[in-house]
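Below is one structure, written out as structure tokens; comments come after it.
Taken together, the values in this text are just the output of simple stated rules run on the coordinates, not laboratory data. Since the structure is predicted, the reported quantities are computational estimates derived from the model, not experimental observations. Here the Cβ positions follow ideal geometry from the backbone for every residue, glycine too, while neighbour counts run over all protein chains shown.
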Amino acid sequence: MKPRLLRFPWTGLVLFLGVAGFASHAEAHLVTTGLGPLYDGMGHLLLSPEEWATVGALALLAGLSGAAAGRLVLFVLPLSWLVGGTIGFLIHAQPPVAIAAIVLMLTGGLIAADFRLIRPVVGSIGAAIGLFHGYLNGVALVPAGEAALPLLGAALVIFVLVALVAAVVASVKLTWQRIAVRVAGSWIAATGLLLVGWAMRKG
Amino acid sequence: MNRPYRLSPTLVLSLTAGLLLAGAPSVEAHIENGAASGFAAGFSHPWSGWDHILAMIAVGLWGAQLGNPAVWLLPVTFPMVMSIGGFLGLIGCPLPGVELGIGLSALLLGLMVATERRPPLWIAALLVGIFGLYHGHAHGTELPPGRDGMTYSMGFVIATGCLHGVGIALGLVHRWPGGVIALRASGAVIALGGGFFTWQALA
């Protein structure tokens, strides 16, 4: 039987976050992979820390709130992302950047506080985040002139990311594992608040 | 049949590839000006000054000495309040006596460990929080202007958490009789360092 630490799939999660953390910065335009618009959409999400960090944070929150909440977010987030992305592509008015940072900070704060939210609340937060970040994604897609396939690619990555993270967190049973998730939440909240400062910084 | 856990070649290869990828610089068509270009720059920032390092390790040492729940509550409190300080520094809101506060943080936290003080949890959290505010403000004003605040902030916050982790790991020696003395001695060394930085701030 494996030791408890190794039975828990932290290794993969830490490796992913480590590699993704060092990924190059996000661009306002679509990442070109050369593999077509579907993969461009996937690449854009994976190379945009402000997007995958928010998706990851929401998945952590959903996992902490239980398996049912995780299952709800698994479908609500990609769908609302698609809707928001379509609206963003059609309207393409850039909202203030600080809003995304505030969303990240609040989500991290909820994780750190270990609030066990009821399913409709988690679903509503997921829908709001999906609509907002999808909208930003849609605005970024305007220069590319195509939204459907890139947004579908992004939604697929979101589905997989939420499924993995929320399932891992929903399965935690040991106290220290839940504490580790709360610590991660405090780091997310701190990062979000610093980002608000970056956005408000003059010069 | 139970088998001891062994690192599989696939996992070793994945970890190696991940580390190599993580260390690789992002491809740029131009030279990046300013250090705020990514996770690595943010991650290295908190390690750049001994005054910060000593205080953050002291937080971990004290948490380990106090035991549960302080062992995780103090390292959660510090980055969250630190980010408030960082936010104030980023937007240019002044905080008087920052250098003195940083020097005093290492001095007082070192003394707490050296004398094995066990105040009520809220007082310990308040003390750590106040010092976190000073450290965050100093970092916030030092953060170089850059276009990738997200990965920089992530690296910065995670590095702070790692420093607390180092302190907690070192602090675990208090479980052994000889370790109790070693831990108190390390607290005294930190207090001496803090005294030096306080004296420098006052000079």
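Here are a few things to note about the model shown:
- Debye equation applied to the C-alpha atoms of the stretch A:68-203, log10 I(q)/I(0) at 0.12, 0.17 Å⁻¹: -0.53, -0.99
- Proximal charge balance of residue B:197 [Cβ under 9 Å; K/R count +1, D/E count -1]: -2
- In percent, rounded to a whole number, the relative contact order of the stretch B:59-123 is 38, using alpha-carbon pairs under 8 Å and six or more apart.
- Net charge of Cβ neighbours under 11 Å - reference residue A:133; Lys, Arg +1; Asp, Glu -1: -2
- Global geometry of the stretch A:139-200, whether rounded, prolate or oblate, following the gyration tensor of its Cα atoms and the 1.5 cut on a/c: oblate
- Size descriptors for the stretch A:60-143: radius of gyration and Dmax over Cα atoms are 13.4, 41 Å.
- Cα-based shape type of the stretch B:150-203, given that a ≥ b ≥ c are square roots of the gyration tensor eigenvalues and the cut on a/c is 1.5: oblate
- Solution diffusion estimate, µm²/s, Stokes-Einstein, the stretch B:103-187, Kirkwood Rh from C-alpha pairs, 20 °C, viscosity 1.002 mPa s: 145
- Cα Rg over Rh - the stretch B:39-168, Kirkwood: 0.96
- Relative contact order [Cα under 8 Å, 6+ residues apart], the stretch A:72-149, whole percent: 62
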